[in-house]
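I have placed the structure first, in the form of structure tokens, so that the comments after it can refer back to it.
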Amino acid sequence: MEVRGLGNSGLFVSRFGLGTMTWGRDTDIHEARDQFNIYYDAGGRFIDTADVYADGISEEIVGEFLREHPDVIVSTKAGSVRGPRRRNTSRGHMLSALDGSLRRLRRSHIDLWNVHAWDPNTPLEETLSAIDYAITTGRVRYAAVSNYSGWQLADAARTQELLSHASPLVATQMEYSLVQRGIEREVIPAAIAHGIGVVAWSPLGRGVLTGKYRHATPADSRAASTHFASFVSPYLAERPRAIVDAVCMAADGLGMSPIDVALAWVTSRPQVASAIVGARTASQLRAILAGSNAQLPHEINEALDEVSAPERSYPEYGWNQ
């Protein structure tokens, strides 16, 4: 599997990262091991988790597997909490969460540590100082943010540059796919300006870009589950369906699967270093990785760009007086 540099850093990650959000909840350790082995055998060396996934069980499972594979780059997150506050990126919480992640992952350091989401109740400088301390004490190698808007990313990057030249932000993890291109308006321009790499989550549009929802909702799918029905349903509307039809048409013409087309498109986008893929079963993951080196012809990329283009106007396209 191809490896790519992450932003303006010396960290290289696999073109596809292995997502573990369901591990320990919908995916037991035996199924998770099968998935990990398939991913590792395909050349993947970048795994993504979070301290809140399955209340920490996901990290514990990842830690179990990494004892045998210390060459895998580990990304985890902190800052999401249960309860009315929902976000807590205070210095105390972040450093306590880091200790918990290290314990569960059975590692002395984390390769890529993400602030899971913006916290309006904590000063940005406090959050960034916790990141800086984690790096200078050797417990974190590189820092990133996740789910930040364009202005939040630019503010965080610039503030961190002023606070510490030793630990700039190197990545932002964002939802990005043919049915969700919102980050192109402000986040990607901010990432380019600050040399920050993009790690795309849900690159298959929460599963709809596989084409499996074109005619019905499979009984064993996420859209039919109590956990994920509301997560998938926004992408079952008329416009996403038209984009899925275009992806399936392109796949038929190229002799590829819709999965291959969707993933090849997103990993060809500016600043995208890696796309996080996850699956409910090992067979699904095998299908996802089957075309891990796929590339799209230029004219197909352009056609998909056109059919899925997000609406843009002022101020993205400037102001003409």
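The values are calculated or read from the model by the stated rules, or taken from the named source; none is laboratory data. Keep in mind the model is a prediction, meaning the values are calculated, not measured. Here the Cβ positions follow ideal geometry from the backbone for every residue, glycine too, while neighbour counts run over all protein chains shown. In case anyone asks, the SASA skips ligands and DNA or RNA and just uses the protein heavy atoms, side chains included. Shrake-Rupley method; radii C 1.70, N 1.55, O 1.52, S 1.80 Å.
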Residues located in the range 252-280, provided they are in contact with a strand residue (DSSP E or B) (Cβ under 7 Å, 6 or more places away or on another chain) and over 20 Å from Arg214 (Cα atoms): Val266, Thr267, Gln271, Val272, Ala273, Ser274, Ala275, Ile276, Val277, Gly278
Pair list, Cβ < 9 Å and 6+ apart or interchain, from the range 92-106 residues that are closer than 18 Å to Gly63 by Cα and of a type in the set (Lys, Arg) to residues that are modelled with pLDDT of 95 or more and open to solvent by 50 Å² or more (accessible area, probe 1.4 Å): Arg104/Ile57; Arg104/Glu60; Arg106/Glu60
Among the residues listed as Thr172, Thr127, Thr159, Thr210, the single one being hydroxyl-bearing (Ser, Thr, Tyr), more than 15 Å from the chain's Cα centre (by Cα) and under 29 Å from Ala242 (Cβ atoms): Thr210
Of the criteria (1) open to solvent by 40 Å² or more (accessible area, probe 1.4 Å); (2) assigned to a loop (DSSP other than H, G, I, E, B); (3) farther than 22 Å from Thr137 by Cβ; (4) modelled with pLDDT of 95 or more, which one Ala117 fails: (1)
Test: residue in the range 52-71 that is assigned to a loop (DSSP other than H, G, I, E, B) and either small (Gly, Ala, Ser) or open to solvent by less than 10 Å² (accessible area, probe 1.4 Å) (or both): no
Filter pass, Glu299 being assigned to a helix (DSSP H, G or I) and of a type in the set (Asp, Glu): yes
Count of the range 252-266 residues which are crowded, with 19+ Cβ neighbours inside 10 Å, not β-branched (Val, Ile, Thr) and not in a loop (DSSP other than H, G, I, E, B): 6
Which numbered condition Tyr40 misses (of (1) within 21 Å of Arg280 (Cβ to Cβ); (2) open to solvent by less than 10 Å² (accessible area, probe 1.4 Å)): (2)
Subset of the range 154-186 [hydroxyl-bearing (Ser, Thr, Tyr) and either touching an Asp or Glu at 6+ places or on another chain (Cβ under 6 Å) or open to solvent by 10 Å² or more (accessible area, probe 1.4 Å) (or both)]: Thr159, Ser164, Ser167
Residues of the range 128-153 classified as open to solvent by 30 Å² or more (accessible area, probe 1.4 Å), among the small types (Gly, Ala, Ser) and either part of a helix (DSSP H, G or I) or under 17 Å from Val272 (Cβ atoms) (or both), total: 1
Given (1) surrounded by fewer than 18 Cβ atoms within 10 Å (Cβ to Cβ); (2) of a type in the set (Lys, Arg); (3) closer than 23 Å to Leu289 by Cα, index of the condition Arg85 fails: (3)
Residues of the range 267-321 satisfying the condition of being more than 16 Å from Tyr176 (Cα to Cα), more than 21 Å from the chain's Cα centre (by Cα) and surrounded by 15 or more Cβ atoms within 10 Å (Cβ to Cβ): Leu296, Ile300, Ala303
Options Arg312, Arg241: the member that is within 19 Å of Gly207 (Cβ to Cβ) and of a type in the set (Lys, Arg): Arg241
Of residues in the range 72-81 being in a strand (DSSP E or B) and in contact with a helix residue (DSSP H, G or I) (Cβ under 9 Å, 6 or more places away or on another chain), the one surrounded by the fewest Cβ atoms within 10 Å (Cβ to Cβ): Val74
Filter result for the condition that a residue is outside any helix (DSSP H, G or I), at pLDDT 95 or above and touching a helix residue (DSSP H, G or I) at 6+ places or on another chain (Cβ under 8 Å), over Gly44, Gly17: Gly44
